[in-house]
Amino acid sequence: MEITAGGQTVQAPLVGVSPGQVNAQVPFSVPAGTAQVVVVTAAGRSNPASITIQTVAPSLLTTTQDGKGRALVAHGDYSLVTDGAPAKEGEVVMLFLAGLGAVAPTIRRAVPRATAPILGLLTW
């Protein structure tokens with residue numbers, strides 16, 4: 001997938017592809033504003049589609065994967081926090097978020113997700 005913004009075209013690393021849907025990671029180098037996306041396959045190039053790039057658009061991931069259910073929260077052993085396994089007072093839990101914008105330490109380009117061991121504390 002190619003993303004063109006500010007006169008620059010970059011390749012977006014693919015996260016998942018299925019009939020009718022392509023998920024990609026927008027590189028941090030793409031400036032905020034309007035951008036054009038083109039899907040490139042062996043069969044050719046799609047028509048450009050306009051998207052809006054924001055520097056930040058934070059959101060909690062949810063267990064229902066639609067942004068409307070319970071927040072996706074895990075214990076230190078990666079098991080989910082649920083009614084049957086609630087977080088205890090003082091326990092450190094993990095929240096799963098998207099759209100945080102640039103973070104420190106910098107995440108390498110073309111690395112669409114964290115791999116074990118997890119990246120650790122990120123600050124923004």
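For this structure, a couple of remarks:
- Residues GLU89, GLU2, sorted so that the one with the fewest Cβ neighbours within 10 Å comes first: GLU89, GLU2
- When ARG70, ARG45 are arranged by Cβ crowding within 10 Å, least crowded first, meaning fewest neighbours, the order is ARG45, ARG70.
- Here the chain is assigned +1 on the Cβ of each Lys and Arg and -1 on the Cβ of each Asp and Glu. Its dipole about the Cα centre then comes out at about 340 debye.
- Pairwise label distance in nanometres, VAL92 with VAL22, each label 7 Å out on the Cα-Cβ vector: 4.0 nm
- Length-normalised contact order for the chain - Cα pairs under 8 Å, 6+ apart - percent: 20 percent
- Gaussian network model of the chain, springs between alpha carbon atoms under 10 Å - residue of VAL93, VAL103, VAL73 with greatest fluctuation: VAL93
- Among THR106, THR62, a tally of other beta-carbon atoms within 10 Å of each Cβ gives an order, fewest to most, of THR106, THR62.
Each value in this text was obtained by applying a stated rule to the coordinates, not by laboratory testing. In this text, all values refer to a predicted model and were calculated from it rather than measured experimentally. When we count neighbours, we look across all protein chains shown, and the Cβ atoms used for this are built from the backbone with ideal geometry, even at glycine.
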